[in-house]
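In what follows, a structure is listed as structure tokens, so that the remarks can point back to it.
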Amino acid sequence: MFELASGGVLSLDEIGEMPLDMQPFLLRVLEERAVNRLGDSRLRPVDVRLVASTNRDLKVEVANGRFRKDLFYRISTVSICVPPLRDRGTDSLLLIEHFNRKMADRRGSPPLRFSNQALDALLAYSWPGNVRELRNLVERLQLLSNTGNVGLEDLPVDITEPAKPAAIPEDERVVVEAQAFSLEDAERQAICSALRAEYGNLSKTAQRLGVSRPTLYRKLDQFGIKRRFL
């Protein structure tokens, strides 16, 4: 694996799940920048940039003796904390749109169209499985949909049951007149509503939407939205 990735980037998903007895081998490769094949004593140099991810708090794992302290410091050159999807505002809409289009292109079919009620439920959902759960849901809906329309009744019960109207503050709700529309339309509507609520202030609009300013700028260009339209 390290040999194949030599000269590039190697991604290790869920490194916090690595058994304690395997961790010294990874540490040795990172320290020596070399590997030896099974049954071969000769070291082979590798030049790999490692990107590791985990949903565990590795400091807690180290304190509890489940993760080596030396390996923790070796892989912690640059640490980025990605907040859970439930804390990222309308990012769930962006990701649904992304996976919806990607999977539709792969299947050679039009993207799904989500109703207002379905989008409200998806926005209110806490996504305990984060992006993996969201991606799997979109794929499931793509496979099971016969009409290309997704209503509240098409969503799993664990998403629709907690989705009460009061779960989303009134000033955060996306109000549209159409009964069924694309996620792109809903995303544009959400941005326009946030711009109006913040009187065109882009910093406050980005904060309200839960996205970065560069992401907001990109979306404004994508949808052709100008602040003077307010």
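Structure notes:
- Leading residue by the ranking (nearest to the chain's Cα centre (by Cα)) among those in segment 88-111 that are without any contact (Cβ under 8 Å) to a residue 40 or more places away in the chain and part of a helix (DSSP H, G or I): His98
- Filter pass, Asp105 being among the charged types (D, E, K, R) and at pLDDT below 90: no
- Qualifying positions in segment 1-15 - part of a helix (DSSP H, G or I), in contact with a strand residue (DSSP E or B) (Cβ under 7 Å, 6 or more places away or on another chain) and without any contact (Cβ under 8 Å) to a residue 60 or more places away in the chain: Phe2, Glu3
- Leading residue by the ranking (modelled with the lowest pLDDT) among those in segment 152-186 that are out of contact with any Lys or Arg (no Cβ under 7 Å at 6 or more places or on another chain) and either within 18 Å of Gly224 (Cα to Cα) or among the aromatic types (Phe, Trp, Tyr) (or both): Leu183
- Scan of segment 40-50 for residues that are part of a strand (DSSP E or B) and loosely packed, with under 14 Cβ neighbours inside 10 Å, ordered by number: Arg44, Pro45, Arg49
- Among the residues making up segment 126-160, those that are within 14 Å of the chain's Cα centre (by Cα) and not polar (S, T, N, Q) are Trp127, Pro128, Gly129, Val131, Arg132, Glu133, Leu134, Arg135, Leu137, Val138.
- Single residue of segment 54-69 satisfying the filter (closer than 18 Å to Met22 by Cβ and touching an Asp or Glu at 6+ places or on another chain (Cβ under 9 Å)) that is surrounded by the fewest Cβ atoms within 10 Å (Cβ to Cβ): Arg56
- Tabulated pairs, segment 29-50, first among the small types (Gly, Ala, Ser), second surrounded by 14 or more Cβ atoms within 10 Å (Cβ to Cβ), C-beta under 7 angstrom, 6+ apart or interchain: Ala34/Val46
- Residue list for segment 71-91, restricted to those being at pLDDT 90 or above and surrounded by 14 or more Cβ atoms within 10 Å (Cβ to Cβ): Leu71, Phe72, Arg74, Ile75
- Test: residue in segment 16-39 that is under 30 Å from Leu134 (Cβ atoms), at pLDDT 90 or above and not in a helix (DSSP H, G or I): yes
The values are calculated or read from the model by the stated rules, or taken from the named source; none is laboratory data. Bear in mind the structure is a predicted one, so any value in this text is a computation, not a measurement. We place every Cβ from the backbone using ideal geometry, glycine too, and count neighbours over all the protein chains shown.
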